[in-house]
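Student: Okay, handing you the structure first.
The values are calculated or read from the model by the stated rules, or taken from the named source; none is laboratory data. All values derive from a computational prediction rather than experimental measurement. Don't worry about glycine lacking a Cβ; one is built from the backbone with ideal geometry, like all the others, and counts go over all protein chains shown. The protein model used for the area step is the full one, side chains on, heavy atoms only, and it has no ligands, DNA or RNA in it. Shrake-Rupley method; radii C 1.70, N 1.55, O 1.52, S 1.80 Å.
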Amino acid sequence: MRPLEGFTVVALEQVIAGPFATRQLAELGARVIKIERPGGGDPARAYDTTVKGLSSHFVWVNRSKESLTLDVKHPAAARILRELVAKADVFLQNLAPGAADRLGLGPAIREKHPRLVWCGISGYGPTGPYAAKKAYDLLVQCEAGLLSVTGTRQEPAKAGIPAADIAAGMYAFSSILAALLRRERTGEGATIDVTMLEALGEWMGFPAYFSAYGGSAPPRSGAHHATIVPYGPFRAGDGETLFISVQNEREFAGFCAQVLEKPALAEDPRFSSGPARFAHREAMHREIDAVFSKMPSTEVIARLDAADIANARLNDMAQFWRHPQLEARSRWSEVGSPAGSLNVLKPPLNIEGMEPDLRAVPAVGQHTDALLAELGYGAADIDRLRREKAV
């Protein structure tokens, strides 16, 4: 049995943050009813067409859900949505600031449904000077200072994935799980307020504390770690880029003796401590480059592994997709979609005795008729709702 079997989630969601949270609830067994606009549906459906004509963004975060199209501003559709929420265990929304309240779906609905777990995801929260400000992932990365510590000395760079959306989705997911656990014990629902700024801000802890108490921000250092040396990319003699990480003095001594074959470097005052290596980063890198540049990558990796020094190859997306570790651990599965069968990476929820609920990526409104029938609407009623453009 999956942990959330028997729980129903109604999600007035779009793009990444909300859908990422509810996809994970679905994979744990919850029934997730995704509310979409009639016609085009979730805007993320149109972001690209790379997955057999479907959007990579949408495919990633929307499998295992049922799609119901409602024009939530239409009175009949609003009534249907209220009926669904009345039967739900969880209601999640990540609309623009104030939109849920204007639809009568703000946290006040818990007065009628005290067992409901209500979750709102926003950019900055319902209070404060940024409450009404629209938010998108890159903009929140900027506000949280992520770009200020990412990139090269010459130019900042955004994260290559929607970090603010993912952070908010993960904290919504974990908060909902905690609220449902509390409800099982107390019978009480919950109002959950997750913001992208605060979620990503939690991930900014190291540079934030470093800056607040150290007097200056960690320097942007490209693919190298901002303060730990050596920790980053180095090129082998055959041109392949390898990443290494040396985390403490014991590892550094082994690295000098077994990999660089220069044990005296561990006692060199320029390199004898973490702060010293940070202060002499360029000199440290020169010592490493002088050795690595004379060996093929296979020999460098062999030395690193023999010395128990953490290392990695610089993979591209195609190499990740074919990663031997994922294959060896049977991390791939297949799900259906409007475009046919798709390979998908299983979620990293490795609970003994439980397989995640992996079902198809839905077409826009695929489950509308079935869901309306479940609520007691007959075929004539559904036809009328379509003529009125309510569904």
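Student: Name the long-range amide H neighbours of residue 192: under 5 Å, sequence gap of 5 or more, or other chain; modelled H, no Pro or chain starts.
Tutor: Under 5 Å from the amide H of residue 192 lie the amide H atoms of 118, 119, 120, each far enough along the sequence or on another chain.
Student: Quick one: which of 185-191, 368-374 comes out on top by average Cβ neighbours within 10 Å, and what's the full order, highest first?
Tutor: Values: 185-191: 13.3, 368-374: 15.9.
Highest to lowest by the protection proxy: 368-374, 185-191.
Student: Using the heavy atoms of the protein chains alone and a 1.4 angstrom probe, what is the accessible area of the stretch 1-140 per residue in square angstrom?
Tutor: 42 Å²
Student: Continuing with this model, one more query. What angle do you read, to the nearest 10 degrees and between 0 and 90, between the alpha-carbon axis of helix 281-292 and the longest principal axis of the chain?
Tutor: Here the helix axis deviates by roughly 80 degrees.
Student: Still on this structure, I have one more. Residues with amide H under 5 Å of residue 245's amide H, sequence separation 5 or more or different chain, H placed in the peptide plane at 1.01 Å from N; which?
Tutor: Residues meeting the criterion, in which the H sits 1.01 Å from N, are 310.
Student: Rounded to two decimals, what is the ratio between the C-alpha radius of gyration of the chain and 2.2 N^0.38 Å?
Tutor: Values: Rg = 25.4 Å, N = 391, 2.2 N^0.38 = 21.3 Å.
Compared with the compact-globule rule of thumb, the chain sits at 1.20.
Student: Counting DSSP beta bridges in the chain, what percent are antiparallel, to the nearest 5?
Tutor: Values: 15 of 37 bridges.
If I count the DSSP bridges inside the chain, around 40 percent turn out antiparallel.
Student: With a ≥ b ≥ c the root eigenvalues of the C-alpha gyration tensor of the stretch 168-318, is it rounded (a/c under 1.5), prolate (a/b larger than b/c) or oblate? Don't skip to the answer; put the middle values down first.
Tutor: Working: a/c = 2.78, a/b = 2.08, b/c = 1.33.
In terms of gyration-tensor shape, prolate.
Student: For the chain, set up a Gaussian network in which alpha carbons nearer than 10 Å are linked by springs, and say which option among 31, 82, 329 fluctuates the most.
Tutor: 329
Student: Measure nothing but the geometry: give the 0 to 90° angle between the long axis through the Cα atoms of 297-306 and the longest principal axis through the Cα atoms of the chain, rounded to 10°.
Tutor: Roughly 90 degrees, rounded to the nearest 10.
Student: Counting each DSSP H run of 4 or more residues in the chain as -39500 (n - 2.57), what helix-only mean residue ellipticity at 222 nm follows after dividing by all residues, to the nearest 500 deg cm²/dmol?
Tutor: When only DSSP H runs of four or more count, the value is -10500 deg cm²/dmol.
Student: Mind checking which aspartates and glutamates have their Cα closer than 14 Å to the Cα of residue 346? Skip sequence neighbours fewer than 8 apart in that chain.
Tutor: 27, 327, 334, 355, 357
Student: Measure up 87/133; 87/112; 73/112; 65/133 against 23 Å on the Cα-Cα distance and list the ones that go over.
Tutor: Details: 87/133 32 Å; 87/112 12 Å; 73/112 21 Å; 65/133 30 Å.
Beyond 23 Å between Cα atoms: 87/133; 65/133.
Student: Return one number: the angle in degrees, 0 to 90 and rounded to the nearest 10, between the long axis of the Cα atoms of helix 75-87 and the longest principal axis of the Cα atoms of the chain.
Tutor: The angle comes out at about 70 degrees.
Student: Can I ask one more? Shape of the stretch 64-124 from its Cα gyration tensor (a ≥ b ≥ c, root eigenvalues): rounded if a/c is under 1.5, otherwise prolate when a/b > b/c, or oblate?
Tutor: Working: a/c = 1.23, a/b = 1.07, b/c = 1.15.
Rounded.
Student: So, one more: Of the beta bridges DSSP finds with both residues in the stretch 1-133, what % are antiparallel, to the nearest 5? Kindly include the intermediate steps, with their values, before the conclusion.
Tutor: On the way: 1 of 17 bridges.
Just about 5 percent of them are antiparallel.
Student: Mind checking which lysines have their Cα closer than 30 Å to the Cα of residue 294? Skip sequence neighbours fewer than 8 apart in that chain.
Tutor: 262
Student: Would you calculate the separation in nanometres between label points at residue 278 and residue 382, each defined as 7 Å from the Cα along the Cα-to-beta-carbon direction?
Tutor: Going by the 7 Å Cα→Cβ label model, 6.3 nm.
Student: With a 1.4 Å probe and all protein chains left in place, how much of the accessible area of the chain comes from carbon and sulfur atoms, in whole percent?
Tutor: The computed percentage sits at 55.
Student: Viscosity 1.306 mPa s, temperature 10 °C: give me the Stokes-Einstein translational D for the stretch 1-151 in µm²/s, with Rh taken as the Kirkwood radius over C-alpha pairs. Don't skip to the answer; put the middle values down first.
Tutor: Details: Rh = 16.5 Å.
It comes out at roughly 96 µm²/s.
Student: Follow-up question, since we're still on this one. May I ask you to derive the FRET efficiency for residue 312 and residue 359 from their Cβ-Cβ distance with R0 = 30 Å, giving the value to the nearest 0.05? If you can, show how the numbers build up before the last one.
Tutor: Values: r = 34 Å, r/R0 = 1.12.
After rounding, the FRET efficiency stands at 0.35.
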